[in-house]
Amino acid sequence: MDIVVKGRKTEVPERFRKHVAEKLKLEKIQKLDGKVISLDVEVSKEPNPRQADRCDRVEITLRSRGPVIRAEAAASDPYAALDMAAEKLDARLRKQHDKRFSRRGARRISAAEVPDHVPGAATLNGNGVPVREDETDGVPTTKIGSLEVKGEGPLVVREKTHVASPMSLDQALYEMELVGHDFYLFVDSETKEPSVVYRRHAYDYGVIHLSTDPMVAEAQPPAAGGTLGG
């Protein structure tokens, strides 16, 4: 992988290109993100004399199998702007690296251990089948929809509805990393169907697409009631 340096409405001298290669050490970057695809550096100049202290801007764009990472800075000369942008890039790369490392190092609990860590979780028998609490202590259980509530509850159901604009898979991955979640529900801009991106082991990602099966929809029993004919 090479570093691509380009100027936007300005010339980039060879000396600055060499400084970029010395400042952005690929070996160090690849240690923090081993799946880097490209690294672009764009230099631009602000002609407004009132912004002389911020006339040179440097934007660094790093693309990998994960979300795109950008870092930019402006200063009175391109070398100072590059130094500040490089520091921002390094900080964001380390943050992403530490986040991945903490996820890999987190211990996963087995299904049998869930009741010990999650209050109110179902207890499993030796065959891995949930044991109803009313079978052991005689406390009545109330069925609400697909949920069973022991005694008086309490039952807390949290429901959210979001308005979602269709987006691409790359944008969904970026949004997932932005909010810091392990999954992200979105509407695929190509299929117009709901989909979910999720984080797998190490740096891998997965995606689940949902589609309506017309055969299954036709096999569903009709809803109770009907319309009154006039």
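Things to note:
- Residue ID - farthest from PRO67 (Cα to Cα), chosen from residues in segment 175-203 that are crowded, with 17+ Cβ neighbours inside 10 Å and of a type in the set (Ser, Thr, Tyr): SER195
- Any pair with Cβ under 7 angstrom, 6 or more apart, that starts in segment 20-35 at a residue that is over 14 Å from ILE3 (Cβ atoms) and ends at one that is open to solvent by 60 Å² or more (accessible area, probe 1.4 Å) and of a type in the set (D, E, K, R): LEU32/ARG94; LYS35/ARG65
- Identity of the residue in segment 35-76, touching a Lys or Arg at 6+ places or on another chain (Cβ under 9 Å), assigned to a strand (DSSP E or B) and among the basic types (Lys, Arg), that ends up farthest from LEU173 (Cα to Cα): LYS45
- If you go through segment 22-34 and keep only what is part of a helix (DSSP H, G or I) and open to solvent by 60 Å² or more (accessible area, probe 1.4 Å), you end up with GLU22, LYS23, GLU27, LYS28, GLN30, LYS31.
The values are calculated or read from the model by the stated rules, or taken from the named source; none is laboratory data. Quantities reported herein were computed from a predicted structural model and do not represent experimental measurements. Cβ atoms come from the backbone with ideal geometry, glycine included; neighbour counts cover every protein chain shown. Areas reflect the complete protein model, heavy atoms only, side chains present, ligands, DNA and RNA absent. Shrake-Rupley method; radii C 1.70, N 1.55, O 1.52, S 1.80 Å.
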